[in-house]
Amino acid sequence: MSLIKAENIKKDYQVGELIITALDRVSFEIAPASFVSFVGPSGSGKTTLLNLIGCLDKPTKGTLKVAGADVASLDRKESAAFRGTNIGFIFQDFNLIPVLTVYENIEYPLLMVQNTPAVEREKRVMALLEAVGMIEQKDKYPDQISGGQKQRVAIARALVTNPKLVLADEPTANLDHKTAYMVIELMKKMRDEFRTTFIFSTHDQKIVGEAEIIFTLEDGNLLDRHLEGGKQNG
Amino acid sequence: MGNLFKIAIRNLLRYKRRTLLTASLITVGVVFVLVFISVSGSFKNMMIGQITDSMIGHMQVHRKGYVASIENLPLNLNLKAGAIARLENILDKQPEIVAYSPRIKFGGMFSNFVETTNIRLNGIYPDKELKSVPLLTSRVIEGKKILDKGGIWIPALLAKGMKVKVGDTIVVVATNKDGSVNGKQFIVAGVLESATGPGGRDGYIHIDDAGEVLRMEGMEISEVAIRLKDFGKLNAFSKKLDGLLSKELNQQDKPIFELHTWEKLSPFYNIARMIDVMTFFVKLMLIAIVLISIMNVMIMAVYERIREIGTIAAIGTLPGKILNMFVIEGFCLGIVGAVIGNIVGIVVILMLNMLKISFNFGQQTGLILYANVNPYDLVVISVTVIIVSIIASLQPAFKASRMEPIKALRHV
Ligand SMILES: Nc1ncnc2c1ncn2[C@@H]1O[C@H](COP(=O)(O)OP(=O)(O)OP(=O)(O)O)[C@@H](O)[C@H]1O
Ligand SMILES: [Mg+2]
């Protein structure tokens, strides 16, 4: 069974009198534990699509099912709860909470979203600190660590709740090549370890090569689908 | 919940200067209100004490209709022996009453054998009177502090104007109820400092002497001044006593007595009320200060953290939790202001007390201001500040909780 199923999605934005079609006739399926990338030029609709998959927005037309739920049918509170249990987010600007330490940032979704008991919480946070190699920095605040380290913390935060799906919109855009590559490698390693589906968008051709499934967007349309290295799961 | 507080406090510490500024503004407001309330309250209480404890008493009972014509001290509205007995029977049974003092009030002529003038007199039982208005003796500035039969305490202004001294003999002449005139010699036993308000320039004689001057056949009194154990229970007790007294009816089935608290008898009550009104407005000002400053800070806090709000909302933080996060921040700010304000306020009040500021009230000079900090005021002010802080943060917090995650995340 597929984790994500998009059928003929359309997304319009209304700007004053003008209607901008950001996505049109987009259909695809993504299996669990995939490592997927959406690529395309600026304005091609990557962010729009990731927002839809992430239940942050609703399609104008078509159906989008994520982990069995119809995205369009969730109300505000339901979609927040859905995101909290099923989806992890990694942002281009890392978006760590500045007043919380590395440890507390990773703990946040367990504490404030899922109300996980303390013992379980500590186990999860320590495991992820270990997995992303940030144990030594756990008591530092976000402004005391580098960009690459911040993104590693963000990956740990996205994974700590054991979501089915992690979405990353241009996760490497603010990182140098070497660090970007390491972040993607880490995400892949996490996929292998936790069997979580990763979907990221990027401009960077080198980074794209790291994906196992690549979708290309252009002007809001999905062009074709590349399979790389036959490593596809599911 | 503890974590929401942790985040709130860290966010407050993130903008130290702004937090400090807002907290100090609230602190200053609280200090100001606290000092104002305790100084004006102490002033008020002291004045009330002066008035009730040196002449009026806490409450008075008269024959129905007396107070309406109290200015001419009508002798035909006195209480007779039967009524007095019924009244004393009721008063004696009230555990709330410490003492009561029956008085005969009348107007007469005062002569030093050279000149004659008017005088208003109270015929009293000295022991009962001093138990009911204990500060009366403190008004005796010359002469004996005990009033015996044949003696008279006269007001200072009269003593000065008529050039009489302690030990001089004077004559009091009064019109009796039947219209005839009678006179009696008295020895000036003491000179009374004048006090503000009605009765403040009255003379005092023994009630038996008063009966003699007025040629009364039986026992008669014009009023009974009552002193309570606990002045704070004035209103409650006055209701109770009023209920009891209104059941005492005459042959025509009309009530015999009327009861008035000091508030109805002294014009100073209006000044006391004005102090209360002023206190109310000062409190209102504090509320405005807290409301505006906290709202201002919280609006800024929400605006500065739009992207953070977008992040936590995207991650799945429920709107209610985001709302709480910001409300708690305002709440903490309010608590800090209230606590520091209370501490500083108490220190300021203690310092004012140490300065021993003196002031004059009416004829009384050199009263020393002693401001009390009422724990009740501390609680009311603190609770008000905290509640207003919460209310002030609600609107910005609500806005934060309603933000669309994508819009918030795109905010630069
Ligand atoms: N909130 C919005 N309101 C109006 N138009 C929007 C909005 N968001 C996106 N668009 C438009 O939709 C189209 C797709 O935008 P989107 O941000 O999805 O592209 P993108 O592929 O993520 O681009 P980039 O690589 O620059 O991030 C663009 O034409 C954009 O101008
Ligand atoms: Mg984009």
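Numbers for the structure displayed
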| read-out | value |
| --- | --- |
| Residue in segment B:294-315 that is more than 21 Å from B:Arg17 (Cα to Cα), open to solvent by 70 Å² or more (accessible area, probe 1.4 Å) and without any contact (Cβ under 8 Å) to a residue 40 or more places away in the chain present | no |
| Selection count where residues are among the hydroxyl-bearing types (Ser, Thr, Tyr) and near ligand 1 (Cβ under 6 Å from one of its atoms), scope segment A:27-49 | 4 |
| Test: A:Leu52 is assigned to a helix (DSSP H, G or I), within 16 Å of ligand 1 (Cβ to nearest atom) and within 11 Å of another protein chain (Cβ to nearest Cβ) | yes |
| Complete set of residues in segment A:55-73 that are over 20 Å from A:Ala158 (Cα atoms) and within 12 Å of another protein chain (Cβ to nearest Cβ) | A:Lys58 |
| Only listed residue being surrounded by fewer than 17 Cβ atoms within 10 Å (Cβ to Cβ) and of a type in the set (A, V, I, L, M, F, W, C), chosen from B:Leu13, B:Leu25 | B:Leu13 |
| Unique match (being farther than 23 Å from B:Gly161 by Cβ and in the same structural domain as B:Gly203 (by TED's automatic domain parsing)) among B:Ile97, B:Ile119 | B:Ile97 |
| Counted residues, segment A:51-84 - those being open to solvent by 10 Å² or more (accessible area, probe 1.4 Å) and either closer than 24 Å to A:Asp176 by Cβ or among the β-branched types (Val, Ile, Thr) (or both) | 2 |
| Total residues in segment A:85-98, condition surrounded by 20 or more Cβ atoms within 10 Å (Cβ to Cβ) and under 17 Å from the mean Cα position of the chain (by Cα) | 9 |
| Where a residue in segment B:8-19 is within 13 Å of chain A (Cβ to nearest Cβ) and its partner, wherever it lies, is outside any helix (DSSP H, G or I) and basic (Lys, Arg), with Cβ under 8 Å and at least six apart | B:Asn11/B:Arg305 |
| Flag if A:Ile106 is within 14 Å of chain B (Cβ to nearest Cβ) and either within 12 Å of ligand 1 (Cβ to nearest atom) or touching a strand residue (DSSP E or B) at 6+ places or on another chain (Cβ under 6 Å) (or both) | no |
| Residue within segment A:166-175 that is more than 16 Å from ligand 1 (Cβ to nearest atom), in contact with a strand residue (DSSP E or B) (Cβ under 6 Å, 6 or more places away or on another chain) and open to solvent by less than 20 Å² (accessible area, probe 1.4 Å) present | yes |
| Per-region count, segment B:253-271, residues within 17 Å of B:Ala225 (Cα to Cα) and aromatic (Phe, Trp, Tyr) | 2 |
| Residue check, B:Ile56 within 26 Å of B:Lys240 (Cβ to Cβ) and at pLDDT 90 or above | yes |
| Residue within segment A:68-78 that is in a strand (DSSP E or B) and within 13 Å of ligand 2 (Cβ to nearest atom) present | no |
| Filtered residues of segment A:72-93 (kept if within 16 Å of ligand 1 (Cβ to nearest atom) and touching a strand residue (DSSP E or B) at 6+ places or on another chain (Cβ under 9 Å)) | A:Phe89, A:Ile90, A:Phe91, A:Gln92 |
| Some residue of segment A:99-106 being within 19 Å of the chain's Cα centre (by Cα), modelled with pLDDT under 95 and either more than 16 Å from ligand 2 (Cβ to nearest atom) or not hydroxyl-bearing (Ser, Thr, Tyr) (or both) | no |
| Residue among A:Lys11, A:Lys5, A:Lys58 that alone is farther than 20 Å from A:Glu210 by Cβ and away from ligand 1 (no atom under 16 Å from the Cβ) | A:Lys5 |
| Residue, farthest from A:Gly54 (Cα to Cα), within segment A:192-212, restricted to residues that are open to solvent by 10 Å² or more (accessible area, probe 1.4 Å), in contact (Cβ under 8 Å) with a residue 24 or more places away in the chain and more than 16 Å from ligand 1 (Cβ to nearest atom) | A:Lys206 |
| Failed criterion for A:Ser42 (all others in (1) out of contact with any Leu (no Cβ under 8 Å at 6 or more places or on another chain); (2) within 13 Å of ligand 2 (Cβ to nearest atom); (3) open to solvent by less than 40 Å² (accessible area, probe 1.4 Å); (4) in a loop (DSSP other than H, G, I, E, B) hold) | (3) |
| Of all residues making up segment A:35-49, the number that are away from chain B (no Cβ under 14 Å) and touching a Phe, Trp or Tyr at 6+ places or on another chain (Cβ under 6 Å) | 3 |
| For A:Thr161: the one exception among (1) polar (S, T, N, Q); (2) more than 27 Å from A:Pro32 (Cα to Cα); (3) away from ligand 1 (no atom under 16 Å from the Cβ) | (2) |
| Within segment B:220-307, helices (runs of 4 or more DSSP H) holding 2 or more residues that are polar (S, T, N, Q) | B:234-246, B:268-304 |
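A quick yes/no check of all residues on (1) among the hydrophobic types (A, V, I, L, M, F, W, C); (2) closer than 19 Å to B:Thr317 by Cβ:
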residue: A:Leu49; (1), (2): yes, no
residue: A:Cys55; (1), (2): yes, yes
residue: A:Lys61; (1), (2): no, no
residue: A:Ala72; (1), (2): yes, no
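Quick grid of which residues meet (1) touching a residue at least 12 places away in the same chain (Cβ under 8 Å); (2) within 11 Å of chain B (Cβ to nearest Cβ); (3) out of contact with any His (no Cβ under 7 Å at 6 or more places or on another chain):
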{"position": "A:Arg76", "(1), (2), (3)": "no, yes, yes"}
{"position": "A:Pro117", "(1), (2), (3)": "no, no, yes"}
{"position": "A:Glu130", "(1), (2), (3)": "no, no, yes"}
{"position": "A:Gln137", "(1), (2), (3)": "yes, no, yes"}
{"position": "A:Gly148", "(1), (2), (3)": "yes, no, yes"}
{"position": "A:His177", "(1), (2), (3)": "yes, no, yes"}
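The values are calculated or read from the model by the stated rules, or taken from the named source; none is laboratory data. Remember, it's a predicted structure, so these values are computed and weren't measured experimentally. Please note: Cβ atoms are built from the backbone with ideal geometry, for glycine as well, and neighbour counts cover all protein chains shown. Side chains included, ligands, DNA and RNA excluded: accessible areas come from the protein's heavy atoms. Shrake-Rupley method; radii C 1.70, N 1.55, O 1.52, S 1.80 Å.
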